[in-house]
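Working notes, beginning with the structure itself.
The values are calculated or read from the model by the stated rules, or taken from the named source; none is laboratory data. The shown structure was predicted, so the numbers you read here are calculated from the model rather than taken from an experiment. Reconstructed Cβ throughout: ideal geometry from the backbone, glycine too, with neighbour counts over all protein chains shown. Heavy atoms of the whole protein, side chains included, go into the accessibility calculation; ligands, DNA and RNA do not. Shrake-Rupley method; radii C 1.70, N 1.55, O 1.52, S 1.80 Å.
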Protein chains: 2
Amino acid sequence: MGRWEPGAPQRLQRAALELFTEQGFDATTVAGIAERAGVTERTFFRHYADKREVLFAGEDEFREPFLRAVTEGPAGAPALDLVRGALAAACAAFEAGRSRDHARARQRVVDAHPPLRERELLKLAGLAAAVGDALVARGVPPLRARLGGELAVSVFAAAFALWTAPGEERDLVRLQAEAMAEVLALVDRPGELPGQVPGQVPG
Amino acid sequence: MGRWEPGAPQRLQRAALELFTEQGFDATTVAGIAERAGVTERTFFRHYADKREVLFAGEDEFREPFLRAVTEGPAGAPALDLVRGALAAACAAFEAGRSRDHARARQRVVDAHPPLRERELLKLAGLAAAVGDALVARGVPPLRARLGGELAVSVFAAAFALWTAPGEERDLVRLQAEAMAEVLALVDRPGELPGQVPGQVPG
């Protein structure tokens, strides 16, 4: 196969997932992933810094719509509305671009390999901080913004864990709305109960 | 010095912190930490599995009172009251057993070294999951319990970051109460505004 062609990232992601599943994370090499994907090692490193990164390409796809929804949310919207709008928009964008079967297989591999789980936690912490910074830029006080960023990522991660669970059929947008409703039930916000899923996109 | 004596864990923590600060994480060895602390390597490994763990002893001190406060909270208490009581109790216990100067120096080292930051995120994720399990055992629905555990750890981590910031003088119990008030302001819970810090220990 040629040195580069459209679809190389997708083939590398699939190859890495197969090899981590078949032979484990430690025994898998970048050379092996590239060979399975039918590309050169040089092509691998054009797309990914190391063999962990190849399983986290989806995070970048998620991050951009998430931050854009905070940045471009309605003027004067309360911080919680910005968070809810961002979660709904990002989950819709993420779900549209992903195969659920692939996401399930990928999550099983991440959960089973501590080095991948560590990378995942670092990515999520970075996303939470970025959402917090975006909220600060919208005028939210820094401590509230930090906690809003972490809340958003907690809700996303909880919804994603359900979405990739065996047998679960509800979609990701619905699941994040249900998770957010549980947060509001936790803090006893009047007028919202779990099971009632209000519209998520403000404005 | 003898092979074991009271205070070896504290001396190892101090030695590790000094060496990570002076020469960085990568250049520091277990042998070097043990030598600086005046104990044998065998004594090191009696207390810690590796050179990262020695900086996370405080997390175990925090974890136990945190979980106990959830487990032993008042019968029939709402999940949020269990979380708030646990945060207040755990922060009080943690603060009582720690030097703030030591905590500040330690946090600077952790934040500056990605392998230590990764370990910290794993520890916090484990704590959040344990708090979630403790809430489930108190009858809280699983999704709400998971999010409650993550909320508790987010509030603790935000308060701890402020507590260890240069020049900050408010105590940890006060800071966690202010962080929780910001969460409630974020979700617009009526009757509570940031700056009003309600009593934190239920019952």
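Data overview
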quantity: Matching option when the condition is open to solvent by 50 Å² or more (accessible area, probe 1.4 Å), touching a Lys or Arg at 6+ places or on another chain (Cβ under 7 Å) and outside the structural domain of B:Arg146 (by TED's automatic domain parsing), among B:Thr29, B:Thr40; calculated: B:Thr40
quantity: Residue within region B:40-47 that is touching a Phe, Trp or Tyr at 6+ places or on another chain (Cβ under 7 Å) and closer than 17 Å to B:Trp163 by Cβ present; calculated: no
quantity: Subset of region A:74-83 [out of contact with any Pro (no Cβ under 8 Å at 6 or more places or on another chain), of a type in the set (A, V, I, L, M) and open to solvent by 20 Å² or more (accessible area, probe 1.4 Å)]; calculated: A:Ala75
quantity: Meets criteria (acidic (Asp, Glu), at pLDDT below 95 and open to solvent by 10 Å² or more (accessible area, probe 1.4 Å)) for A:Glu192; calculated: yes
quantity: Options B:Ala86, B:Ala90: the member that is open to solvent by less than 60 Å² (accessible area, probe 1.4 Å), under 21 Å from the mean Cα position of the chain (by Cα) and within 14 Å of another protein chain (Cβ to nearest Cβ); calculated: B:Ala86
quantity: Residue match in region A:3-17 (condition: among the basic types (Lys, Arg), outside any helix (DSSP H, G or I) and at pLDDT below 90); calculated: yes
quantity: Residue list for region A:93-111, filter: open to solvent by 70 Å² or more (accessible area, probe 1.4 Å) and among the aliphatic types (A, V, I, L, M); calculated: A:Ala96
quantity: Per-region count, region B:105-139, residues within 12 Å of chain A (Cβ to nearest Cβ) and small (Gly, Ala, Ser); calculated: 5
quantity: Test: residue in region A:113-121 that is in contact with a Ser or Thr (Cβ under 8 Å, 6 or more places away or on another chain), surrounded by 15 or more Cβ atoms within 10 Å (Cβ to Cβ) and within 16 Å of A:Trp163 (Cβ to Cβ); calculated: no
quantity: Scan of region A:44-73 for residues that are within 18 Å of A:Gly149 (Cα to Cα) and open to solvent by 30 Å² or more (accessible area, probe 1.4 Å), ordered by number; calculated: A:Asp60, A:Glu61, A:Arg63, A:Glu64, A:Leu67, A:Arg68, A:Thr71, A:Glu72
quantity: Residue within region B:39-47 that is over 17 Å from the mean Cα position of the chain (by Cα) and either of a type in the set (Lys, Arg) or within 14 Å of chain A (Cβ to nearest Cβ) (or both) present; calculated: yes
